Amino acid sequence: MEPLCEDCNGTGWIASPASFDSQPCHCQSDRKRSQRFEASAIPRRYLHCRLENFSDRDNVSLRRARQQVREFVDVWPLGQHGLLLMGPCGVGKTHLAVAALREIIEQDKPGRIMFRNFQDLIQEVHASFENDQAPSKSEILRPLIDADLLVLDELGSQKPTSFVQDTLYYVINSRYNEDRTTFFTTNYLDDPPARAESLQDRIGRPLRSRLFEMTERVIIESEDFRALKSKGRVRI
């Protein structure tokens, strides 16, 4: 059981003898914040992610990306584009996206916040067709469409079959039509090296066109942090 707040004894209110009134206890905000974190579905591995602990490693590209995310958080929830974080594996795209969600929640800024990994999403939708007890496709996708800020991680990571394309189009086009803000991370670029697939190859031309209007592109160029860490070349 959650321990009772020592200040209000679990009532959520603190009496003010001077005004014969009660004021909300700080624990109400703490509880709401915890509920928002849980509802956001941020994976456990990324719960530590903050803008403050994002290592730019004296890299101009990383420093610029962090600043763009910080500026996004500073003005939220004013009308704005989302961000499209593009770069190779291990450069910190997911860290930055999750950090934005955490900053918004911790600062008690409004909005329904959600994180979803694209590949996990497709697998979950597939499973809904195989198990009568699983949530339906519409039950899975509706929270993503309705979220005020959605992080869709690893865009394009799933092989672009017609099923994947249809599901992705439904989510992104619905958010596009409702003018909802979306963060995307992807390992695919618009101008990839020879013989490599582009983001448009993975998600299709119509969706790539919508992303130009929905997001501001942030290209991150750096070495793979995970590989460097495994070799002992960086410290956490």
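The values are calculated or read from the model by the stated rules, or taken from the named source; none is laboratory data. Worth saying up front: this structure is predicted, and the values here are computed from it rather than measured. Neighbour counts are summed over all protein chains in view; Cβ atoms, including those assigned to glycine, are modelled from backbone coordinates with ideal geometry.
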Exercise for the section: Could you tell me whether segment 70-79 includes any residue that is surrounded by 15 or more Cβ atoms within 10 Å (Cβ to Cβ), small (G, A, S) and either over 25 Å from A227 (Cβ atoms) or in contact (Cβ under 8 Å) with a residue 40 or more places away in the chain (or both)? Expected result: no
Handout entry: Filtered residue count, segment 186-215, keeping only those that are acidic (D, E) and either in contact with a helix residue (DSSP H, G or I) (Cβ under 7 Å, 6 or more places away or on another chain) or under 21 Å from S162 (Cα atoms) (or both)
Key = 3
Completion exercise
Within segment 153-200, the count of residues that are closer than 22 Å to R142 by Cα and either over 19 Å from the mean Cα position of the chain (by Cα) or of a type outside the set (A, V, I, L, M) (or both) comes to 28
Fill in the blank from the handout: Scanning segment 119-145 for residues that are among the small types (G, A, S), in a helix (DSSP H, G or I) and touching a helix residue (DSSP H, G or I) at 6+ places or on another chain (Cβ under 8 Å) gives S128
Completion exercise
Checked R116, R102, R175 against criteria (modelled with pLDDT of 95 or more, basic (K, R), within 19 Å of P43 (Cβ to Cβ) and part of a helix (DSSP H, G or I)); the one match is R102
Handout entry: Cβ pairs under 8 Å, 6+ apart, first in segment 184-197 and among the aliphatic types (A, V, I, L, M), second not in a loop (DSSP other than H, G, I, E, B)
Key = L189/M86; L189/L199; L189/I219
Fill in the blank from the handout: Among (1) farther than 19 Å from H48 by Cβ; (2) modelled with pLDDT of 95 or more; (3) surrounded by 14 or more Cβ atoms within 10 Å (Cβ to Cβ), L96 falls short only on (1)
Handout entry: Condition met for S19 (polar (S, T, N, Q), farther than 30 Å from E154 by Cα, loosely packed, with under 12 Cβ neighbours inside 10 Å and at pLDDT below 70)
Key = yes
Practice task
State whether one or more residues within segment 155-178 are within 24 Å of R63 (Cβ to Cβ), surrounded by fewer than 20 Cβ atoms within 10 Å (Cβ to Cβ) and among the acidic types (D, E).
Solution key: no
